[in-house]
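Here the structure comes first, spelled out in structure tokens, and everything after it is commentary.
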Ligand SMILES: C[S@@+](CC[C@H](N)C(=O)[O-])C[C@H]1O[C@@H](n2cnc3c(N)ncnc32)[C@H](O)[C@@H]1O
């Protein structure tokens, strides 16, 4: 819990929306590095961001998908209660769709058309378990979308998420990359 409090202090110590989502590179790089994941969105539906922080990504996914003709309803879950407060402020008309919970314990009791999360939210020995857990929350005909983010400041490349999905027994339906390097990698599987 002390780690979570430190993370919330770090994220919410800034009023910059991208920083409140853990990204220090500014708006243009945020768009370049995050928006390619919307290549997975091929229909209207509900989108759950697991580890949604202040809800910025979910809000941008609504706009990026709309540019491609799809209507997305945003949802999110995050460990940080203060982050979820920010997400609820951002999504005032959908505040009830944002929940403070630990995704490893959470029993949502429903499914979503698109479930998105980061490979980095699981320790490397629990990656397959994490992916199977998230896949269980995907609607029939929906998609699980997984991302990995590199770090310029730590000189880290993103993990090859398609390869990890394959190693965990999933059939990868598509993939995308973002930013120079690239700095982000995404891959998705159909239900
Ligand atoms: C880097 S931010 C991601 C923000 C946004 N989803 C994005 O992709 O840009 C990671 C978030 O995951 C949250 N998180 C980490 N482990 C979690 C867990 N087990 N359950 C829910 N949220 C978690 C953290 O609190 C943090 O806000």
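The values are calculated or read from the model by the stated rules, or taken from the named source; none is laboratory data. Here the structure is a predicted model, which is why all the values come from computation and not from measurement. Using ideal geometry, Cβ is built from the backbone for each residue, glycine included, and neighbour counts are taken over all protein chains shown.
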Taking the stretch 173-191, which residues are in a loop (DSSP other than H, G, I, E, B) and farther than 30 Å from residue 153 by Cα?
173, 191
Test: residue 40 is within 23 Å of residue 146 (Cβ to Cβ) and either away from the ligand (no atom under 11 Å from the Cβ) or in contact with a strand residue (DSSP E or B) (Cβ under 9 Å, 6 or more places away or on another chain) (or both)
yes
Taking the stretch 107-141 as the region of interest, how many residues are touching a strand residue (DSSP E or B) at 6+ places or on another chain (Cβ under 6 Å) and over 13 Å from residue 161 (Cβ atoms)?
9
Collect the residues in the stretch 20-41 that are at pLDDT 90 or above, touching a helix residue (DSSP H, G or I) at 6+ places or on another chain (Cβ under 7 Å) and assigned to a helix (DSSP H, G or I), keeping them in residue-number order.
34, 35, 38
Suppose the filter is within 11 Å of the ligand (Cβ to nearest atom) and farther than 18 Å from residue 149 by Cβ; does residue 8 pass it?
yes
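The rows are residues; the columns are (1) in a helix (DSSP H, G or I); (2) closer than 23 Å to residue 22 by Cβ; (3) within 13 Å of the ligand (Cβ to nearest atom).
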| position | (1), (2), (3) |
| --- | --- |
| 113 | no, no, no |
| 120 | yes, yes, yes |
| 126 | yes, yes, yes |
| 134 | yes, yes, yes |
| 144 | no, yes, no |
| 147 | no, yes, yes |
| 153 | no, yes, no |
| 165 | yes, yes, no |
| 170 | no, no, no |
Hey, can you tell me all the residues within the stretch 178-191 that are buried (at least 20 other Cβ atoms within 10 Å of the Cβ) and in contact with a strand residue (DSSP E or B) (Cβ under 6 Å, 6 or more places away or on another chain)?
178, 184, 185, 186, 187, 188, 189
Restricting attention to the stretch 88-102, does a residue exist that is surrounded by fewer than 17 Cβ atoms within 10 Å (Cβ to Cβ), within 12 Å of the ligand (Cβ to nearest atom), modelled with pLDDT of 95 or more and within 16 Å of the chain's Cα centre (by Cα)?
yes
Go through (1) farther than 20 Å from residue 117 by Cβ; (2) surrounded by 15 or more Cβ atoms within 10 Å (Cβ to Cβ) for residue 44 and report which single condition fails.
(2)
Of 63, 14, 59, which residue is within 14 Å of the ligand (Cβ to nearest atom), exposed (fewer than 15 other Cβ atoms within 10 Å of the Cβ) and either without any contact (Cβ under 8 Å) to a residue 60 or more places away in the chain or outside any loop (DSSP other than H, G, I, E, B) (or both)?
14
Name the one entry in 121, 144 that is within 13 Å of the chain's Cα centre (by Cα) and buried (at least 23 other Cβ atoms within 10 Å of the Cβ).
144
Considering 83, 144, 165, which residue is in contact with a strand residue (DSSP E or B) (Cβ under 7 Å, 6 or more places away or on another chain) and within 20 Å of residue 52 (Cβ to Cβ)?
144
